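The structure appears right after this line, and notes come after that.
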Amino acid sequence: MATIHRTTMNPTKLELLEAWLPGQPFYAGAGTPRLEKNAGFRLDDPAGEVGIEFVIVTDVSGPEPVVYHVPQTYRAEPLEGAEAALVGKSEHGVLGTRYIYDGAADPVWRDVVRELFGGTQQPQAQSVPETAEPGVRVAGAGADAQHVEIVRRPVPGDPADHADAGAVVVGFWFAGGTRVTGTLLRAAVA
């Protein structure tokens, strides 16, 4: 299990995302986002080297709030060949410099997500060590996920729509403060 440190990050994860998000093709805003933390969970790297987090944020800068899902990895050293996926660099109060990447570009993230669909990884709470995250459900668990699609702008919906193909479903807050369920990952299976 990963160690969770109660410390600071400078810049913060939200600050890094506010700078990174406008350059992404899935960004729906017209300027600089103003992000609020919404929900999320962690997975554990079996080697204990890479932090893996699924971050759900809400951009409240526009007339209608927009929910985004950005899976991230945290590394002590730069990930060779993943410069375009670098969200940013931050100083962690305990661990020092952290290189934060869009998880989709990180091979450790891809391997651990396959384990999640295969049933050998359990979603963990973001800030409580060794605690399962009850708000995350893997539909179609046991699947051999060959390709995983990240749902970057999750919307409320019936997760049963994706149960046959495999999906990671999580509860998050939507416009108006309503708690809803939506799909974050879809797996194409062999």
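The values are calculated or read from the model by the stated rules, or taken from the named source; none is laboratory data. Only a predicted model underlies this, so the values are computations on that prediction, with no experimental measurement involved. Here the Cβ is made from the backbone with ideal geometry for all residues, glycine too, and neighbour counts use every protein chain on show. Surface areas here come from the heavy atoms of the whole protein model, side chains and all, with no ligands, DNA or RNA. Shrake-Rupley method; radii C 1.70, N 1.55, O 1.52, S 1.80 Å.
Here are the numbers:
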| quantity | calculated |
| --- | --- |
| Which numbered condition A28 misses (of (1) open to solvent by less than 20 Å² (accessible area, probe 1.4 Å); (2) more than 21 Å from E133 (Cα to Cα)) | (1) |
| Some residue of the range 85-92 being more than 18 Å from V128 (Cα to Cα), open to solvent by 20 Å² or more (accessible area, probe 1.4 Å) and at pLDDT 90 or above | yes |
| Condition check for T97: closer than 20 Å to K13 by Cβ and crowded, with 17+ Cβ neighbours inside 10 Å | no |
| Residue satisfying condition, being under 22 Å from T181 (Cβ atoms), open to solvent by less than 60 Å² (accessible area, probe 1.4 Å), touching a His at 6+ places or on another chain (Cβ under 8 Å) and hydrophobic (A, V, I, L, M, F, W, C), within set A139, A125 | A139 |
| Inter-residue pairs, beta-carbon under 7 Å, first assigned to a loop (DSSP other than H, G, I, E, B) and in the range 112-130, second at pLDDT 85 or above and open to solvent by 50 Å² or more (accessible area, probe 1.4 Å), 6+ apart | Q121/E115 |
| Selection from the range 138-156 of residues that are at pLDDT below 70 and either under 24 Å from L21 (Cα atoms) or among the hydrophobic types (A, V, I, L, M, F, W, C) (or both) | A141, A143, A145 |
| Residue under evaluation V138, criteria (1) within 16 Å of E53 (Cβ to Cβ); (2) in contact with a Gly (Cβ under 8 Å, 6 or more places away or on another chain), criterion not met | (1) |
| Boolean, V108 is in contact (Cβ under 8 Å) with a residue 60 or more places away in the chain and farther than 22 Å from K37 by Cβ | yes |
| Number of the exception - T120 against (1) open to solvent by less than 50 Å² (accessible area, probe 1.4 Å); (2) closer than 15 Å to V168 by Cβ; (3) not basic (K, R) | (1) |
| Any pair with Cβ under 6 angstrom, 6 or more apart, that starts in the range 58-80 at a residue that is without any contact (Cβ under 8 Å) to a residue 60 or more places away in the chain and ends at one that is of a type in the set (S, T, Y) and crowded, with 22+ Cβ neighbours inside 10 Å | T73/Y101; L79/Y101 |
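Residue-wise test of (1) more than 17 Å from the chain's Cα centre (by Cα); (2) more than 23 Å from E149 (Cβ to Cβ); (3) in a strand (DSSP E or B); (4) among the aliphatic types (A, V, I, L, M).
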| residue | (1), (2), (3), (4) |
| --- | --- |
| E36 | no, yes, yes, no |
| I52 | no, no, yes, yes |
| V57 | no, no, yes, yes |
| Y68 | no, no, yes, no |
| E77 | yes, yes, no, no |
| A84 | yes, no, no, yes |
